[in-house]
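What follows is one structure encoded as C-alpha coordinates, with my remarks underneath.
The values are calculated or read from the model by the stated rules, or taken from the named source; none is laboratory data. No experiment lies behind these values; they were computed from the predicted model shown. Glycine gets a Cβ as well: all are built from the backbone with ideal geometry, and neighbour counts include every protein chain shown. In case anyone asks, the SASA skips ligands and DNA or RNA and just uses the protein heavy atoms, side chains included. Shrake-Rupley method; radii C 1.70, N 1.55, O 1.52, S 1.80 Å.
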Amino acid sequence: YVTLRQRSSIQNIPGPPSPSWIFGNMLQLILPGEYGANEFAWLKAFGAVYRLKGCFGTACSFRIILRYSIFSIALSSHMDPLKKTGIDLIFAEKCVMAQQGDTHKRLRAALNPCFTGAAVRNFLPIFEKVAQAMTAKFEESSGSEVDVCPVFSEATLSTISEAALGYPMQDLNKDFVAYNERLLALAVNLSPGQILSDAISVRLPRWILKAAIHLPLTTFHIIRTAKALAKELGGKIIREKIDVARQGSVAETDVFDMLLDLGNPEKKKNALTLDEIVDQTGILLVGGQDTTSNTLAFGLLELARHPTFQDELRVEIHSAIGAASGTPVYDNMPLLNAFIKETLRVYPVGAFEERIATQDTVIPLAYEIQTTTGKIINQIPVSKGQVLHVAIASYQRLESHWGEDAHKFRPSRWLDGTVYQGQAIGPYANLLTFFGGPRACLGYANPEALQCYS
Ligand code: HEM
(Lines give C-alpha, C1' and ligand atoms only; values in the text may rest on other atoms or scores of the structure.)
Protein backbone atom coordinates (compact mmCIF):
# COMPACT_ATOMS: atom_id res chain seq x y z
CA TYR A 1 0.00 0.00 0.00
CA VAL A 2 2.77 2.39 0.98
CA THR A 3 4.61 1.56 -2.26
CA LEU A 4 1.56 2.17 -4.43
CA ARG A 5 0.75 5.40 -2.64
CA GLN A 6 4.26 6.65 -3.21
CA ARG A 7 4.38 5.52 -6.81
CA SER A 8 1.19 7.32 -7.68
CA SER A 9 2.68 10.77 -7.30
CA ILE A 10 6.10 10.30 -8.80
CA GLN A 11 6.05 7.32 -11.11
CA ASN A 12 5.73 9.52 -14.19
CA ILE A 13 8.62 11.80 -13.40
CA PRO A 14 11.45 10.99 -15.81
CA GLY A 15 14.61 9.45 -14.38
CA PRO A 16 17.45 7.05 -15.16
CA PRO A 17 16.68 3.34 -15.67
CA SER A 18 17.18 1.21 -12.61
CA PRO A 19 19.93 -1.37 -13.19
CA SER A 20 18.80 -3.66 -10.37
CA TRP A 21 15.60 -4.45 -8.47
CA ILE A 22 17.53 -4.99 -5.24
CA PHE A 23 19.59 -1.81 -5.29
CA GLY A 24 17.58 0.42 -7.60
CA ASN A 25 19.82 3.40 -8.44
CA MET A 26 21.29 3.50 -4.95
CA LEU A 27 24.68 1.90 -5.71
CA GLN A 28 25.20 4.35 -8.58
CA LEU A 29 24.24 7.22 -6.31
CA ILE A 30 26.03 6.31 -3.09
CA LEU A 31 29.12 4.48 -4.39
CA PRO A 32 30.14 6.32 -7.58
CA GLY A 33 33.69 5.84 -8.89
CA GLU A 34 34.34 9.54 -8.49
CA TYR A 35 32.69 12.31 -6.46
CA GLY A 36 29.17 12.81 -7.84
CA ALA A 37 29.97 11.12 -11.17
CA ASN A 38 26.49 9.61 -11.76
CA GLU A 39 24.65 12.50 -10.14
CA PHE A 40 26.20 15.03 -12.48
CA ALA A 41 25.43 12.84 -15.51
CA TRP A 42 21.77 12.55 -14.37
CA LEU A 43 21.64 16.30 -13.80
CA LYS A 44 22.73 16.82 -17.40
CA ALA A 45 20.30 14.23 -18.79
CA PHE A 46 17.16 14.94 -16.73
CA GLY A 47 17.52 18.46 -15.38
CA ALA A 48 16.71 19.66 -11.93
CA VAL A 49 13.96 17.20 -10.96
CA TYR A 50 14.13 13.49 -11.61
CA ARG A 51 13.07 10.19 -10.14
CA LEU A 52 15.39 7.53 -8.77
CA LYS A 53 14.59 4.00 -7.66
CA GLY A 54 15.36 3.01 -4.12
CA CYS A 55 16.33 -0.47 -2.91
CA PHE A 56 13.87 -3.38 -3.48
CA GLY A 57 11.93 -1.40 -6.08
CA THR A 58 9.84 -0.01 -3.26
CA ALA A 59 11.28 3.16 -1.93
CA CYS A 60 11.13 5.43 -4.96
CA SER A 61 12.97 8.64 -4.30
CA PHE A 62 13.06 11.77 -6.28
CA ARG A 63 15.64 14.43 -6.32
CA ILE A 64 15.09 18.10 -6.36
CA ILE A 65 17.58 20.73 -7.18
CA LEU A 66 15.40 23.71 -7.66
CA ARG A 67 15.14 27.21 -6.47
CA TYR A 68 13.81 28.83 -3.35
CA SER A 69 10.15 27.86 -3.54
CA ILE A 70 10.99 24.20 -3.56
CA PHE A 71 13.62 24.40 -0.88
CA SER A 72 11.38 26.34 1.42
CA ILE A 73 9.11 23.31 1.44
CA ALA A 74 11.80 20.65 1.39
CA LEU A 75 13.66 22.25 4.27
CA SER A 76 10.50 22.92 6.21
CA SER A 77 8.78 21.16 9.06
CA HIS A 78 6.84 18.99 6.56
CA MET A 79 10.03 17.02 6.04
CA ASP A 80 12.07 15.06 8.56
CA PRO A 81 15.48 13.48 8.12
CA LEU A 82 14.95 9.97 6.78
CA LYS A 83 17.21 8.31 9.34
CA LYS A 84 15.70 10.09 12.33
CA THR A 85 14.55 6.80 13.85
CA GLY A 86 18.14 5.59 14.07
CA ILE A 87 20.00 8.73 15.13
CA ASP A 88 19.27 8.26 18.82
CA LEU A 89 20.56 4.69 18.58
CA ILE A 90 23.85 5.92 17.13
CA PHE A 91 24.26 9.08 19.17
CA ALA A 92 22.28 9.93 22.29
CA GLU A 93 18.54 10.03 22.75
CA LYS A 94 18.35 13.75 23.55
CA CYS A 95 20.90 14.93 21.00
CA VAL A 96 19.71 17.73 18.74
CA MET A 97 19.82 15.67 15.56
CA ALA A 98 17.58 12.95 17.01
CA GLN A 99 14.85 15.31 18.17
CA GLN A 100 11.84 16.62 16.29
CA GLY A 101 9.22 19.32 16.63
CA ASP A 102 9.16 21.55 19.68
CA THR A 103 11.94 19.70 21.50
CA HIS A 104 14.21 20.16 18.49
CA LYS A 105 13.31 23.87 18.40
CA ARG A 106 14.11 24.24 22.10
CA LEU A 107 17.46 22.47 21.78
CA ARG A 108 18.35 24.64 18.79
CA ALA A 109 17.35 27.79 20.67
CA ALA A 110 19.79 26.84 23.44
CA LEU A 111 22.58 25.70 21.12
CA ASN A 112 22.42 28.42 18.42
CA PRO A 113 23.97 31.22 20.53
CA CYS A 114 27.04 29.04 21.13
CA PHE A 115 27.71 28.79 17.38
CA THR A 116 27.16 32.31 16.02
CA GLY A 117 29.98 34.00 14.09
CA ALA A 118 30.79 36.10 17.19
CA ALA A 119 30.86 33.07 19.50
CA VAL A 120 33.01 31.10 17.07
CA ARG A 121 35.48 34.01 16.75
CA ASN A 122 36.23 33.51 20.47
CA PHE A 123 37.65 30.13 19.51
CA LEU A 124 40.23 31.68 17.16
CA PRO A 125 43.13 31.03 19.57
CA ILE A 126 42.15 27.33 19.57
CA PHE A 127 41.96 27.21 15.76
CA GLU A 128 45.35 28.92 15.52
CA LYS A 129 47.00 26.56 17.99
CA VAL A 130 45.66 23.54 16.13
CA ALA A 131 46.64 25.04 12.75
CA GLN A 132 50.20 25.54 13.97
CA ALA A 133 50.42 21.96 15.26
CA MET A 134 49.15 20.75 11.90
CA THR A 135 51.71 22.88 10.02
CA ALA A 136 54.49 21.52 12.22
CA LYS A 137 53.42 17.95 11.34
CA PHE A 138 53.52 18.71 7.62
CA GLU A 139 56.89 20.43 7.94
CA GLU A 140 58.33 17.37 9.73
CA SER A 141 57.32 15.20 6.80
CA SER A 142 58.48 17.73 4.21
CA GLY A 143 59.82 16.04 1.07
CA SER A 144 58.08 12.74 1.69
CA GLU A 145 54.58 11.62 0.80
CA VAL A 146 52.06 12.30 3.51
CA ASP A 147 48.45 11.18 3.93
CA VAL A 148 46.81 14.47 4.89
CA CYS A 149 43.44 13.01 5.89
CA PRO A 150 44.40 11.53 9.30
CA VAL A 151 46.30 14.75 10.15
CA PHE A 152 43.23 16.87 9.33
CA SER A 153 40.94 14.48 11.16
CA GLU A 154 43.02 14.65 14.33
CA ALA A 155 43.23 18.45 14.04
CA THR A 156 39.48 18.90 13.70
CA LEU A 157 38.75 16.54 16.62
CA SER A 158 41.27 18.52 18.66
CA THR A 159 39.51 21.77 17.81
CA ILE A 160 36.00 20.63 18.63
CA SER A 161 37.06 18.84 21.77
CA GLU A 162 38.59 22.06 23.08
CA ALA A 163 36.03 24.52 21.70
CA ALA A 164 32.92 22.50 22.58
CA LEU A 165 33.96 20.67 25.73
CA GLY A 166 36.95 22.69 26.93
CA TYR A 167 38.96 19.48 26.84
CA PRO A 168 42.27 19.22 24.95
CA MET A 169 42.38 16.13 22.75
CA GLN A 170 45.39 14.64 24.54
CA ASP A 171 43.22 14.43 27.70
CA LEU A 172 40.49 12.46 25.94
CA ASN A 173 40.20 8.80 26.86
CA LYS A 174 42.18 6.77 24.24
CA ASP A 175 39.27 4.31 23.86
CA PHE A 176 36.93 7.21 23.16
CA VAL A 177 39.21 8.51 20.38
CA ALA A 178 39.62 5.02 18.88
CA TYR A 179 35.87 4.28 18.86
CA ASN A 180 35.07 7.74 17.55
CA GLU A 181 37.37 6.97 14.62
CA ARG A 182 35.74 3.57 14.05
CA LEU A 183 32.29 5.18 14.11
CA LEU A 184 33.34 7.70 11.46
CA ALA A 185 34.83 4.90 9.38
CA LEU A 186 31.45 3.10 9.43
CA ALA A 187 29.83 6.16 7.91
CA VAL A 188 32.33 6.58 5.10
CA ASN A 189 33.25 3.00 4.21
CA LEU A 190 29.78 2.12 3.01
CA SER A 191 29.36 -1.27 1.36
CA PRO A 192 26.47 -2.56 -0.78
CA GLY A 193 25.43 -4.71 2.21
CA GLN A 194 25.24 -1.67 4.44
CA ILE A 195 23.22 0.24 1.86
CA LEU A 196 20.69 -2.62 1.87
CA SER A 197 20.56 -2.84 5.64
CA ASP A 198 20.05 0.96 5.85
CA ALA A 199 17.20 0.69 3.34
CA ILE A 200 15.58 -2.02 5.44
CA SER A 201 16.23 -0.44 8.81
CA VAL A 202 14.56 2.90 8.03
CA ARG A 203 11.32 1.00 7.37
CA LEU A 204 11.48 -1.25 10.44
CA PRO A 205 9.43 -0.57 13.55
CA ARG A 206 11.45 1.17 16.21
CA TRP A 207 11.31 -1.67 18.71
CA ILE A 208 13.06 -3.99 16.26
CA LEU A 209 15.84 -1.44 15.71
CA LYS A 210 16.21 -0.95 19.46
CA ALA A 211 16.53 -4.70 19.95
CA ALA A 212 18.82 -5.20 16.94
CA ILE A 213 21.42 -2.77 18.23
CA HIS A 214 22.22 -5.30 21.00
CA LEU A 215 23.10 -8.06 18.52
CA PRO A 216 26.73 -9.22 18.77
CA LEU A 217 27.79 -7.76 15.40
CA THR A 218 30.96 -5.65 14.97
CA THR A 219 29.02 -2.65 13.59
CA PHE A 220 26.60 -2.64 16.51
CA HIS A 221 29.44 -3.15 19.00
CA ILE A 222 31.19 -0.03 17.61
CA ILE A 223 27.97 2.02 17.75
CA ARG A 224 27.11 0.88 21.30
CA THR A 225 30.62 1.48 22.63
CA ALA A 226 31.13 4.87 20.94
CA LYS A 227 27.78 6.04 22.27
CA ALA A 228 28.51 4.85 25.83
CA LEU A 229 31.99 6.40 25.81
CA ALA A 230 30.66 9.76 24.55
CA LYS A 231 28.05 9.79 27.32
CA GLU A 232 30.68 8.90 29.92
CA LEU A 233 32.98 11.67 28.63
CA GLY A 234 30.21 14.31 28.60
CA GLY A 235 29.11 13.35 32.14
CA LYS A 236 32.67 13.48 33.47
CA ILE A 237 33.33 16.92 31.94
CA ILE A 238 30.13 18.36 33.34
CA ARG A 239 30.83 17.00 36.84
CA GLU A 240 34.32 18.55 36.70
CA LYS A 241 32.94 21.91 35.56
CA ILE A 242 30.36 21.91 38.36
CA ASP A 243 33.07 21.06 40.93
CA VAL A 244 35.29 23.90 39.68
CA ALA A 245 32.33 26.33 39.81
CA ARG A 246 31.59 25.26 43.41
CA GLN A 247 35.11 26.36 44.26
CA GLY A 248 34.22 29.81 43.00
CA SER A 249 35.70 29.82 39.51
CA VAL A 250 33.25 30.04 36.64
CA ALA A 251 34.48 30.01 33.04
CA GLU A 252 32.50 31.01 29.95
CA THR A 253 34.96 29.83 27.36
CA ASP A 254 33.58 26.74 25.62
CA VAL A 255 30.19 25.53 24.37
CA PHE A 256 29.51 23.39 27.44
CA ASP A 257 30.33 26.39 29.73
CA MET A 258 27.81 28.45 27.79
CA LEU A 259 25.15 25.75 27.99
CA LEU A 260 25.74 25.16 31.71
CA ASP A 261 25.84 28.91 32.42
CA LEU A 262 26.99 28.16 35.97
CA GLY A 263 27.66 31.83 36.75
CA ASN A 264 24.00 32.67 36.31
CA PRO A 265 21.73 31.51 39.16
CA GLU A 266 18.61 32.44 37.16
CA LYS A 267 18.19 29.76 34.52
CA LYS A 268 17.53 31.01 30.98
CA LYS A 269 14.21 30.22 29.31
CA ASN A 270 15.61 27.55 26.99
CA ALA A 271 18.21 26.18 29.38
CA LEU A 272 19.06 22.52 28.78
CA THR A 273 19.02 19.95 31.57
CA LEU A 274 22.34 18.37 32.52
CA ASP A 275 21.29 15.14 30.78
CA GLU A 276 20.47 17.05 27.61
CA ILE A 277 23.89 18.74 27.64
CA VAL A 278 25.64 15.38 28.14
CA ASP A 279 23.69 13.98 25.19
CA GLN A 280 25.15 16.60 22.80
CA THR A 281 28.73 15.32 23.34
CA GLY A 282 28.82 12.65 20.61
CA ILE A 283 26.97 14.59 17.92
CA LEU A 284 29.12 17.71 18.37
CA LEU A 285 32.37 15.78 18.15
CA VAL A 286 31.33 13.63 15.20
CA GLY A 287 29.29 16.34 13.43
CA GLY A 288 32.24 18.70 13.21
CA GLN A 289 35.15 16.33 12.67
CA ASP A 290 35.28 14.63 9.27
CA THR A 291 32.94 17.17 7.69
CA THR A 292 35.60 19.81 8.27
CA SER A 293 38.64 17.63 7.62
CA ASN A 294 37.27 16.29 4.32
CA THR A 295 36.49 19.84 3.19
CA LEU A 296 40.11 20.76 3.95
CA ALA A 297 41.38 17.73 2.04
CA PHE A 298 39.34 18.65 -1.05
CA GLY A 299 40.60 22.23 -0.77
CA LEU A 300 44.20 21.06 -0.64
CA LEU A 301 43.65 18.80 -3.64
CA GLU A 302 42.45 21.78 -5.68
CA LEU A 303 45.40 23.90 -4.52
CA ALA A 304 47.70 21.16 -5.81
CA ARG A 305 45.84 21.21 -9.13
CA HIS A 306 46.05 25.01 -9.37
CA PRO A 307 49.64 25.95 -8.47
CA THR A 308 49.35 29.53 -9.73
CA PHE A 309 46.35 30.18 -7.52
CA GLN A 310 48.18 28.44 -4.68
CA ASP A 311 51.10 30.87 -5.06
CA GLU A 312 48.79 33.91 -5.11
CA LEU A 313 46.95 32.67 -2.04
CA ARG A 314 50.22 32.05 -0.20
CA VAL A 315 51.34 35.63 -0.96
CA GLU A 316 48.02 37.02 0.36
CA ILE A 317 48.25 34.93 3.54
CA HIS A 318 51.89 35.79 4.21
CA SER A 319 51.38 39.50 3.66
CA ALA A 320 48.27 39.54 5.91
CA ILE A 321 50.13 37.69 8.65
CA GLY A 322 53.16 39.94 8.22
CA ALA A 323 51.05 43.12 8.43
CA ALA A 324 49.02 42.05 11.48
CA SER A 325 50.38 42.52 14.97
CA GLY A 326 48.22 39.67 16.30
CA THR A 327 45.60 37.57 14.57
CA PRO A 328 45.09 38.78 10.99
CA VAL A 329 41.59 39.85 9.97
CA TYR A 330 40.67 36.81 7.91
CA ASP A 331 37.57 38.47 6.48
CA ASN A 332 39.86 41.00 4.76
CA MET A 333 41.60 38.28 2.73
CA PRO A 334 39.66 38.02 -0.55
CA LEU A 335 41.51 35.09 -2.13
CA LEU A 336 41.33 33.06 1.06
CA ASN A 337 37.57 33.55 1.36
CA ALA A 338 37.00 32.86 -2.33
CA PHE A 339 39.04 29.65 -1.96
CA ILE A 340 36.95 28.48 1.02
CA LYS A 341 33.63 29.30 -0.65
CA GLU A 342 34.64 27.58 -3.88
CA THR A 343 35.78 24.46 -1.98
CA LEU A 344 32.48 24.35 -0.10
CA ARG A 345 30.56 24.88 -3.36
CA VAL A 346 32.30 22.24 -5.46
CA TYR A 347 32.73 19.64 -2.70
CA PRO A 348 29.89 19.76 -0.17
CA VAL A 349 30.82 16.79 2.05
CA GLY A 350 27.19 15.75 2.28
CA ALA A 351 26.48 15.50 -1.46
CA PHE A 352 22.77 15.07 -0.76
CA GLU A 353 20.39 14.89 2.17
CA GLU A 354 17.42 12.57 2.42
CA ARG A 355 14.11 13.76 3.76
CA ILE A 356 10.84 11.94 4.34
CA ALA A 357 7.49 13.72 4.07
CA THR A 358 5.77 13.83 7.47
CA GLN A 359 2.43 14.73 5.88
CA ASP A 360 0.85 14.88 2.44
CA THR A 361 2.06 18.03 0.76
CA VAL A 362 2.61 19.62 -2.63
CA ILE A 363 5.99 20.76 -3.89
CA PRO A 364 5.73 23.68 -6.31
CA LEU A 365 8.41 23.65 -9.00
CA ALA A 366 10.34 26.70 -10.06
CA TYR A 367 10.38 25.30 -13.63
CA GLU A 368 7.74 23.27 -15.42
CA ILE A 369 8.69 19.69 -16.25
CA GLN A 370 7.28 17.18 -18.71
CA THR A 371 6.29 13.78 -17.31
CA THR A 372 6.85 10.50 -19.17
CA THR A 373 3.21 10.68 -20.29
CA GLY A 374 3.79 14.08 -21.90
CA LYS A 375 1.94 16.08 -19.25
CA ILE A 376 3.45 19.43 -18.25
CA ILE A 377 3.47 19.90 -14.48
CA ASN A 378 4.57 22.74 -12.24
CA GLN A 379 4.08 20.97 -8.92
CA ILE A 380 4.53 17.50 -7.47
CA PRO A 381 2.05 16.07 -4.98
CA VAL A 382 3.99 14.24 -2.29
CA SER A 383 2.42 11.63 -0.02
CA LYS A 384 3.31 11.16 3.62
CA GLY A 385 6.26 8.75 3.73
CA GLN A 386 7.68 9.80 0.36
CA VAL A 387 11.47 9.95 0.31
CA LEU A 388 12.97 13.01 -1.27
CA HIS A 389 16.58 13.97 -1.92
CA VAL A 390 17.82 17.51 -1.67
CA ALA A 391 20.66 17.19 -4.14
CA ILE A 392 23.14 19.62 -2.62
CA ALA A 393 26.15 18.88 -4.85
CA SER A 394 24.03 19.08 -8.01
CA TYR A 395 22.44 22.36 -6.91
CA GLN A 396 25.89 23.81 -6.49
CA ARG A 397 26.80 22.81 -10.02
CA LEU A 398 23.66 24.04 -11.75
CA GLU A 399 24.80 25.86 -14.86
CA SER A 400 21.71 28.08 -14.72
CA HIS A 401 22.93 29.40 -11.35
CA TRP A 402 26.69 29.20 -11.39
CA GLY A 403 27.47 29.60 -15.10
CA GLU A 404 28.68 27.29 -17.86
CA ASP A 405 31.83 26.49 -15.93
CA ALA A 406 29.86 25.37 -12.86
CA HIS A 407 31.82 22.10 -12.64
CA LYS A 408 35.12 23.94 -12.69
CA PHE A 409 36.96 24.90 -9.50
CA ARG A 410 37.33 28.64 -10.07
CA PRO A 411 37.64 30.72 -6.88
CA SER A 412 37.69 33.95 -8.88
CA ARG A 413 33.93 33.55 -9.54
CA TRP A 414 33.45 34.84 -5.96
CA LEU A 415 35.43 37.98 -6.78
CA ASP A 416 34.46 38.92 -10.33
CA GLY A 417 30.71 39.27 -9.81
CA THR A 418 29.80 36.13 -11.78
CA VAL A 419 28.67 34.16 -8.76
CA TYR A 420 24.98 33.34 -8.38
CA GLN A 421 23.22 36.21 -6.57
CA GLY A 422 19.73 34.76 -6.21
CA GLN A 423 17.73 34.26 -3.06
CA ALA A 424 19.76 32.90 -0.19
CA ILE A 425 18.86 29.35 0.71
CA GLY A 426 21.64 28.26 3.03
CA PRO A 427 23.18 30.02 6.02
CA TYR A 428 26.56 30.62 4.33
CA ALA A 429 27.43 32.21 0.96
CA ASN A 430 24.14 31.15 -0.63
CA LEU A 431 25.38 27.58 -0.55
CA LEU A 432 23.50 24.50 0.60
CA THR A 433 26.63 22.82 1.98
CA PHE A 434 25.44 23.50 5.53
CA PHE A 435 21.88 22.73 4.45
CA GLY A 436 19.14 25.22 5.36
CA GLY A 437 15.92 25.73 7.27
CA PRO A 438 15.29 24.54 10.82
CA ARG A 439 17.86 21.76 10.53
CA ALA A 440 20.71 23.74 9.00
CA CYS A 441 24.13 22.77 10.32
CA LEU A 442 24.82 24.09 13.78
CA GLY A 443 28.46 24.61 12.80
CA TYR A 444 27.63 26.86 9.82
CA ALA A 445 30.06 29.49 11.13
CA ASN A 446 32.72 26.86 10.61
CA PRO A 447 34.34 28.80 7.72
CA GLU A 448 35.95 30.84 10.52
CA ALA A 449 37.91 27.69 11.38
CA LEU A 450 38.60 26.94 7.72
CA GLN A 451 40.06 30.44 7.26
CA CYS A 452 42.38 29.84 10.14
CA TYR A 453 43.52 26.36 9.06
CA SER A 454 44.14 27.60 5.52
C1 HEM B 1 32.55 21.92 6.61
C2 HEM B 1 31.99 21.50 7.74
C3 HEM B 1 30.55 21.04 7.91
C4 HEM B 1 29.62 20.68 6.97
C5 HEM B 1 29.78 20.65 5.46
C6 HEM B 1 28.40 20.33 7.68
C7 HEM B 1 27.21 19.93 7.08
C8 HEM B 1 26.03 19.66 7.75
C9 HEM B 1 24.76 19.31 7.12
C10 HEM B 1 24.55 19.18 5.61
C11 HEM B 1 23.84 19.12 8.10
C12 HEM B 1 22.36 18.73 7.92
C13 HEM B 1 22.22 17.25 8.12
C14 HEM B 1 20.78 16.78 8.08
O15 HEM B 1 19.88 17.45 8.59
O16 HEM B 1 20.54 15.69 7.55
C17 HEM B 1 24.51 19.34 9.37
C18 HEM B 1 23.89 19.24 10.59
C19 HEM B 1 24.57 19.39 11.79
N20 HEM B 1 25.88 19.79 11.96
FE21 HEM B 1 27.22 20.20 10.51
N22 HEM B 1 28.63 20.47 9.03
C23 HEM B 1 29.92 20.92 9.21
C24 HEM B 1 30.53 21.25 10.41
C25 HEM B 1 29.93 21.14 11.64
C26 HEM B 1 30.53 21.52 12.90
C27 HEM B 1 31.93 22.14 13.06
C28 HEM B 1 29.63 21.20 13.89
C29 HEM B 1 29.72 21.38 15.38
C30 HEM B 1 30.76 21.48 16.10
C31 HEM B 1 28.47 20.63 13.25
C32 HEM B 1 27.34 20.18 13.91
C33 HEM B 1 26.15 19.82 13.31
C34 HEM B 1 24.95 19.42 14.06
C35 HEM B 1 24.82 19.32 15.57
C36 HEM B 1 23.95 19.16 13.10
C37 HEM B 1 22.50 18.73 13.37
C38 HEM B 1 21.60 19.96 13.43
C39 HEM B 1 20.13 19.63 13.65
O40 HEM B 1 19.68 18.51 13.34
O41 HEM B 1 19.43 20.54 14.13
N42 HEM B 1 28.67 20.61 11.89
N43 HEM B 1 25.84 19.68 9.12
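Here is how the numbers come out for the structure above:
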read-out	value
Helical mean residue ellipticity (222 nm; -39500 (n - 2.57) per DSSP H run of 4+; nearest 500) of the chain	-15000 deg cm²/dmol
The chain - share of DSSP beta bridges that are antiparallel (%, nearest 5)	80
Peptide ranges 395-406, 134-145 listed from the most packed, as the mean C-beta count within 10 angstrom indicates	395-406, 134-145
Simple label model, 7 Å out from Cα along Cβ direction - Tyr35 to Asp147, nm	1.9
Cα-based convex hull volume of the chain per residue, rounded to whole Å³	161
Å² per residue, accessible surface of segment 147-259 at 1.4 Å	52
Partners for Lys53 among lysines (Cα-Cα distance below 28 Å; same-chain residues under 8 apart left out)	Lys44, Lys83, Lys84, Lys210, Lys375, Lys384
